[in-house]
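Q: Below you will find the structure I want to go over with you.
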Amino acid sequence: MGMTMTQKIMAAHAGLDCVEGGQLIEARLDFVHGNDVTTPVAIGVLEQYGIHEIFDRDKIGIILDHYTPCKDIKAAQLCKTAREFAHKHHITHFYDVGEVGVEHAFIPEKGLIVPGDMTIGADSHTCTYGALGAFSTGVGSTDMAAGMATGLNWFKVPPAIKVTLKGKLRPYVSGKDVMLHLIGEIGVDGALYQSLEFTGEGVAELTMDDRFTIANMAIEAGAKNGIFPVDDKTLDYLKGRTEREPVIYQADPDAEYVREVVIDLSELESTVAMPYLPGNAALVKNVKGIAIDQVVIGSCTNGRIGDMRAAAEILKGRKVADNVRCIVLPATQEIIKQMIEEGIYMDMLNAGCAISTPTCGPCLGGHMGCMCEGETCVSTTNRNFVGRMGHVDSKVILASPTVAAASAVAGYLTDPADL
């Protein structure tokens with residue numbers, strides 16, 4: 001019986017010739033990571049069980065990104081706990097304020113994941129690295145602790161949904177629109193504990209930033225992971241980032257899939273997810289005109305340089321509306337440098353944006369953009385649950401960088417094509 005990409009990676013890391021959906025395996029890990037929220041919990045688990053060693057200091061990452069720069073005393077204590085653990089164990093990939101980035105943009109940028117890897121992270125959006133042709137999935141802090149101690153984890157092999165992409169994206173339409181459309185079609189539990197495996201001629205039309213965005217939000221469809229085939233764009237992205245050799249897997253022609261979803265990229269239009277679920281997809285043209293108070297451009301979903309360029313193209317020479325606060329969160333320090341070099345930073349400043357150091361901040365209602373009762377935000381983040389960005393009576397509309405930037409200028413939800 002044929003195997004999917006995910007199943008081939010899992011079989012290789014479990015030392016097996018083949019695996020099938022539903023099978024339980026113990027697999028070797030190439031990388032284990034956590035952040036300032038989840039790592040201290042994992043450290044507590046290790047201490048509870050008297051575990052004082054880690055399996056490989058070069059294969060563990062601790063990235064302080066959620067509440068940093070620290071918003072309060074509790075956040076500072078969490079960071080101190082993670083910092084002391086990293087120093088005690090001489091962890092190679094420990095990143096603190098000043099050199100850190102939003103983890104799911106930062107880790108690929110640093111070349112810490114390559115095609116064929118099997119990686120876990122104590123954060124649900126760890127599925128991002130499937131854009132590189134790796135198996136990556138989010139786990140709880142207890143699993144992170146086990147991974148740090150042993151370099152192994154138990155998994156149930158997921159069955160797969162085949163997502164076939166064809167055609168080419170229209171102007172102002174991006175990977176965010178693709179994923180919001182898909183989640184709208186299959187639902188927030190449409191891929192529950194399944195692998196979303198993207199294929200088809202349309203994959204070649206997507207930038208790496210598009211692919212990272214799509215893989216990042218696999219969890220919003222309930223998926224265990226999302227994964228893309230490795231092509232020239234993937235390999236070009238890796239150049240200069242790592243000396244590790246990629247291991248490229250392809251799905252077998254007779255691989256089994258639970259279902260197939262076909263998306264014609266050329267038919268997609270600017271799409272948003274209305275409160276309070278990522279699956280509440282709507283075309284912007286059908287819901288435009290909604291008054292807003294805030295716009296957030298950034299996060300692990302849409303904080304990469306391509307996202308900044310797309311937003312800046314809209315903002316350049318324009319002004320953010322008087323009734324709107326526009327907050328921009330580049331995902332890494334390197335992206336900020338690129339923005340400065342390309343003039344994007346000044347374009348956004350001149351437009352009236354507030355530009356932050358890399359942080360998850362407002363995405364989880366942490367800091368740098370919490371909303372009060374009755375406010376509405378158009379955001380390029382990944383979740384719009386009740387109270388996600390502050391007060392339980394605030395609202396988040398998920399959107400692409402171009403829709404978010406256009407809405408900031410208009411002062412209400414709008415289509416960038418209308419400016």
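The values are calculated or read from the model by the stated rules, or taken from the named source; none is laboratory data. It should be emphasised that the depicted structure is a prediction, and the values quoted were computed from it without experimental measurement. Neighbour counts run over all protein chains shown; Cβ positions are idealised from the backbone, glycine included. Only protein heavy atoms, including side chains, enter the accessible area calculation; ligands, DNA and RNA are left aside. Shrake-Rupley method; radii C 1.70, N 1.55, O 1.52, S 1.80 Å.
Q: Given the residues M1, M5, M10, which is the only one that is at pLDDT below 95 and of a type in the set (A, V, I, L, M, F, W, C)? Don't jump to the end; show me each part of the working.
A: Values: M5 fails: at pLDDT below 95; M10 fails: at pLDDT below 95.
After ruling out the rest, the residue left standing is M1.
Q: Follow-up question, since we're still on this one. Would you call T242 buried (at least 21 other Cβ atoms within 10 Å of the Cβ) and within 22 Å of the chain's Cα centre (by Cα)? Reasoning before the result, please.
A: Working: buried (at least 21 other Cβ atoms within 10 Å of the Cβ): no; within 22 Å of the chain's Cα centre (by Cα): yes.
The answer is no for T242.
Q: How many of the residues in the stretch 233-270 are within 29 Å of V403 (Cβ to Cβ) and among the aliphatic types (A, V, I, L, M)?
A: Summing the residues that are within 29 Å of V403 (Cβ to Cβ) and among the aliphatic types (A, V, I, L, M) in the stretch 233-270 gives 5.
Q: Check the stretch 391-405 and report whether any residue there is part of a strand (DSSP E or B), modelled with pLDDT of 95 or more and more than 19 Å from the chain's Cα centre (by Cα). Reasoning before the result, please.
A: So the first thing to find is which residues in the stretch 391-405 are part of a strand (DSSP E or B), and the list is 395-398.
Remaining after also requiring modelled with pLDDT of 95 or more: 395-398.
Checking which are more than 19 Å from the chain's Cα centre (by Cα) leaves us with 395.
Yes, the stretch 391-405 has at least one match.
Q: Next up: Checking E269 against (1) acidic (D, E); (2) modelled with pLDDT of 95 or more; (3) more than 17 Å from K168 (Cα to Cα); (4) not in a helix (DSSP H, G or I): exactly one of these is not met. Which one?
A: Answer for E269: the failing condition is (3).
Q: Moving on to the next point. Would you please name the residue that is most open to solvent (accessible area, probe 1.4 Å), looking only at residues in the stretch 212-228 that are in a helix (DSSP H, G or I) and more than 13 Å from V163 (Cα to Cα)? Before you say what the answer is, go through the steps one by one.
A: At the first step, the residues of the stretch 212-228 found to be in a helix (DSSP H, G or I) are 212-221.
Of the ones still in play, those that are also more than 13 Å from V163 (Cα to Cα) are 212-213, 216-217, 219-220.
Details: F212: 1, T213: 2, N216: 0, M217: 0, I219: 50, E220: 9 Å².
Selected residue: I219.
Q: Additional query: Evaluate the stretch 273-296: report whether one residue or more is open to solvent by 10 Å² or more (accessible area, probe 1.4 Å), of a type in the set (G, A, S) and in a helix (DSSP H, G or I).
A: Of the stretch 273-296, the ones open to solvent by 10 Å² or more (accessible area, probe 1.4 Å) are 274-277, 279-283, 285-291, 293.
From what is left, the residues that are of a type in the set (G, A, S) are 279, 281-282, 289, 291.
After this cut, where a residue has to be in a helix (DSSP H, G or I) as well, the list is none.
No, the stretch 273-296 has no match at all.
Q: Any chance you could count how many residues in the stretch 303-353 are free of Cβ contacts under 8 Å to residues at least 60 places away in the same chain and among the polar types (S, T, N, Q)?
A: As a first pass, look at the stretch 303-353 and keep what is free of Cβ contacts under 8 Å to residues at least 60 places away in the same chain: 309, 316-317, 325, 327-328, 330, 336-353.
So of that shortlist, the ones also among the polar types (S, T, N, Q) come out as 338, 350.
Counting residues in the stretch 303-353 that are free of Cβ contacts under 8 Å to residues at least 60 places away in the same chain and among the polar types (S, T, N, Q) gives 2.
Q: Follow-up question, since we're still on this one. Across the stretch 377-406, what is the number of residues that are among the β-branched types (V, I, T) and farther than 18 Å from L283 by Cα? Don't jump to the end; show me each part of the working.
A: To start, the set of residues in the stretch 377-406 that are among the β-branched types (V, I, T) comprises 378, 380-381, 386, 392, 396-397, 402-403.
Filter once more, keeping what is farther than 18 Å from L283 by Cα: 386, 392.
Going through the stretch 377-406 one residue at a time, the tally reaches 2.
Q: Of all residues being of a type in the set (F, W, Y) and within 30 Å of Y49 (Cα to Cα) in the stretch 149-206, which is surrounded by the fewest Cβ atoms within 10 Å (Cβ to Cβ)? Just the residue, please.
A: Narrowing the stretch 149-206 to residues of a type in the set (F, W, Y): 154-155, 172, 193, 198.
Cutting the leftovers down to within 30 Å of Y49 (Cα to Cα) gives us 154-155, 193.
Working: W154: 10, F155: 21, Y193: 14.
The selected residue is W154.
Q: Within the stretch 20-37, how many residues are part of a loop (DSSP other than H, G, I, E, B), on the phi < 0 side of the Ramachandran plot and either in contact with a Lys or Arg (Cβ under 8 Å, 6 or more places away or on another chain) or surrounded by 23 or more Cβ atoms within 10 Å (Cβ to Cβ) (or both)?
A: Step one: list which residues in the stretch 20-37 are part of a loop (DSSP other than H, G, I, E, B), which gives 20-23, 29-30, 36-37.
Pick out the ones that are also on the phi < 0 side of the Ramachandran plot and you get 20-21, 23, 29-30, 36-37.
Subset that is either in contact with a Lys or Arg (Cβ under 8 Å, 6 or more places away or on another chain) or surrounded by 23 or more Cβ atoms within 10 Å (Cβ to Cβ) (or both): 23, 29-30, 36.
Final tally of qualifying residues: 4.
Q: Would you tally the residues in the stretch 134-148 being over 23 Å from E53 (Cβ atoms) and open to solvent by 10 Å² or more (accessible area, probe 1.4 Å)?
A: Kept after step one, since they are over 23 Å from E53 (Cβ atoms), are these residues of the stretch 134-148: 134-138.
Add one more test, that the residue is open to solvent by 10 Å² or more (accessible area, probe 1.4 Å), and what stays is 138.
Qualifying residue count for the region: 1.
Q: Do we find that V114 is β-branched (V, I, T), in a loop (DSSP other than H, G, I, E, B) and at pLDDT 95 or above in this structure?
A: Judged against the criteria, V114 is a match.
Q: Just one of E260, E334 is in a strand (DSSP E or B), open to solvent by 30 Å² or more (accessible area, probe 1.4 Å) and not hydroxyl-bearing (S, T, Y); which is it? So that I can check it myself, show each step before the final result.
A: Values: E334 fails: in a strand (DSSP E or B).
After ruling out the rest, the residue left standing is E260.
Q: Now for a different question. Answer yes if at least one residue in the stretch 100-118 is among the acidic types (D, E), closer than 28 Å to K337 by Cα and open to solvent by less than 10 Å² (accessible area, probe 1.4 Å), and no otherwise. Before you say what the answer is, go through the steps one by one.
A: Kept after step one, since they are among the acidic types (D, E), are these residues of the stretch 100-118: 103, 109, 117.
Applying the additional criterion that residues be closer than 28 Å to K337 by Cα yields 103, 109.
From the residues that got through so far, the ones that are open to solvent by less than 10 Å² (accessible area, probe 1.4 Å) too are 103.
Within the stretch 100-118, one or more residues are among the acidic types (D, E), closer than 28 Å to K337 by Cα and open to solvent by less than 10 Å² (accessible area, probe 1.4 Å).
Q: Go through the stretch 337-389 and report how many residues are in a loop (DSSP other than H, G, I, E, B) and open to solvent by less than 60 Å² (accessible area, probe 1.4 Å).
A: 22
Q: Tell me, which residue of the stretch 60-100 that is more than 25 Å from the chain's Cα centre (by Cα) and among the hydrophobic types (A, V, I, L, M, F, W, C) is nearest to T126 (Cα to Cα)?
A: F85
Q: For C79, which of the numbered conditions (1) out of contact with any helix residue (DSSP H, G or I) (no Cβ under 8 Å at 6 or more places or on another chain); (2) open to solvent by 30 Å² or more (accessible area, probe 1.4 Å); (3) under 18 Å from G361 (Cβ atoms); (4) in a helix (DSSP H, G or I) fails to hold?
A: (2)
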